[in-house]
1. Scanning region 64-98 for residues that are among the aliphatic types (A, V, I, L, M) and over 18 Å from Ala36 (Cβ atoms), which turns out surrounded by the most Cβ atoms within 10 Å (Cβ to Cβ)?
2. Looking at Ile78 and the list (1) within 24 Å of the chain's Cα centre (by Cα); (2) at pLDDT below 95; (3) more than 21 Å from Glu97 (Cβ to Cβ); (4) not acidic (Asp, Glu), which single condition is not satisfied?
3. When Tyr195 is evaluated against the numbered criteria (1) under 20 Å from Val218 (Cα atoms); (2) hydroxyl-bearing (Ser, Thr, Tyr); (3) modelled with pLDDT of 95 or more, which criterion, by number, is the only one it fails?
4. When Gln18 is evaluated against the numbered criteria (1) closer than 30 Å to Trp207 by Cα; (2) open to solvent by 50 Å² or more (accessible area, probe 1.4 Å), which criterion, by number, is the only one it fails?
5. Tell me which residues, restricted to region 182-208, are of a type in the set (Gly, Ala, Ser) and within 24 Å of Arg243 (Cβ to Cβ).
6. Answer yes or no as to whether Tyr14 is under 21 Å from Ile248 (Cβ atoms), hydroxyl-bearing (Ser, Thr, Tyr) and at pLDDT 95 or above.
7. When region 29-48 is examined, which residues are found to be under 16 Å from Tyr14 (Cβ atoms) and open to solvent by 70 Å² or more (accessible area, probe 1.4 Å)?
8. Only one of these conditions is not met by Ser116: (1) out of contact with any Phe, Trp or Tyr (no Cβ under 7 Å at 6 or more places or on another chain); (2) open to solvent by 70 Å² or more (accessible area, probe 1.4 Å); (3) closer than 21 Å to Phe240 by Cβ. Which number is it?
Amino acid sequence: MNFLLDLSFDGTRYCGFQVQKNGLTVCEAVQDALQAVLGNRPDVKGCSRTDSGVHAEHYALNFHSDTRIPPEKLPLAINQRLPGDIRVNRAVVVDEEFHARYSAHAKTYHYRIWNSPIDSPFQQAYYYRVPNPLDVDAMSRAAGYFVGRQDFASLCAADCETALRSGTVRTITDCQVSQKGPVVTISVTADGYLYNMVRILAGTLLWAGQGRIPPQAVTDILKAKDRSKAGPTLPAKGLFLHRVEYDI
């Protein structure tokens, strides 16, 4: 059977999701747990690679197994073998052709900014702090210019392998900025992303919030197709994969 797992993880001590030679990854930890539970090491398909230090509220992966453990009992069995910063929330059986990455039709990321001169002693690993007040209304207006099917080459890191394979045109269906207390949240929903795209988008919106660019400057930044025209790549620790959408 083909199983779909919904995960949450704190990415602070991991080198992203995908298995790498240079450090511990979320995938490696999950495969270790699956091997302990199933007696074999299944091939795992993740919905996204994710950068080192990025977190996930809901991350999707799938694997095939002939286990007799009911899907509703799999999360408890797997969680007993996982480190405390990774948890399986849910397991369901899906079609044999289902692939966590290629079956997804949209993903939503959140980027969190702590807009205060004083850090939170409890949340430092989960946001980027900006001490001076931000113009959140200007950030919201700038966010609207990112919506649509456009060429996002200006929001792509120079070493983006995805851009070389599939180009730099993507569709952002929603981009919003909200504030609750000191937390400013940038929410982006798209059909796909380029390397560091959300973190660069967040850095560009930060410029608008700081008054360094007017909101409408986003149009010229995208037209330039030049990474140097966009804002900085904000730190990975503020980025969360919030939701992955499937037709299931």
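1. Narrowing region 64-98 to residues among the aliphatic types (A, V, I, L, M): 69, 74, 76-78, 82, 86, 88, 91-94.
Among the residues that remain, those that are also over 18 Å from Ala36 (Cβ atoms) are: 92-94.
Working: Val92: 15, Val93: 13, Val94: 18.
Here the residue is Val94.
2. (2)
3. With (1) under 20 Å from Val218 (Cα atoms); (2) hydroxyl-bearing (Ser, Thr, Tyr); (3) modelled with pLDDT of 95 or more applied to Tyr195, the lone miss is (3).
4. Every listed condition holds for Gln18 apart from (1).
5. Step one: of region 182-208, the residues of a type in the set (Gly, Ala, Ser) are 187, 190, 192, 202-203, 208.
Within region 182-208, Ser187, Ala190, Gly192, Ala202, Gly203 meet the criteria.
6. On the way: under 21 Å from Ile248 (Cβ atoms): no; hydroxyl-bearing (Ser, Thr, Tyr): yes; at pLDDT 95 or above: yes.
Criteria not met by Tyr14.
7. Applying the first criterion (under 16 Å from Tyr14 (Cβ atoms)) to region 29-48 yields 29-33, 44, 46-48.
Within region 29-48, Asp32 is the sole residue that qualifies.
8. Condition not satisfied by Ser116: (2).
The values are calculated or read from the model by the stated rules, or taken from the named source; none is laboratory data. This is a predicted model, so every value here is computed, not measured. Here Cβ is always computed from backbone atoms with ideal geometry, including for glycine, and neighbour counts include all displayed protein chains. Ligands, DNA and RNA are stripped out before the accessible areas are found, and what is left, the full protein with its side chains, is counted by its heavy atoms. Shrake-Rupley method; radii C 1.70, N 1.55, O 1.52, S 1.80 Å.
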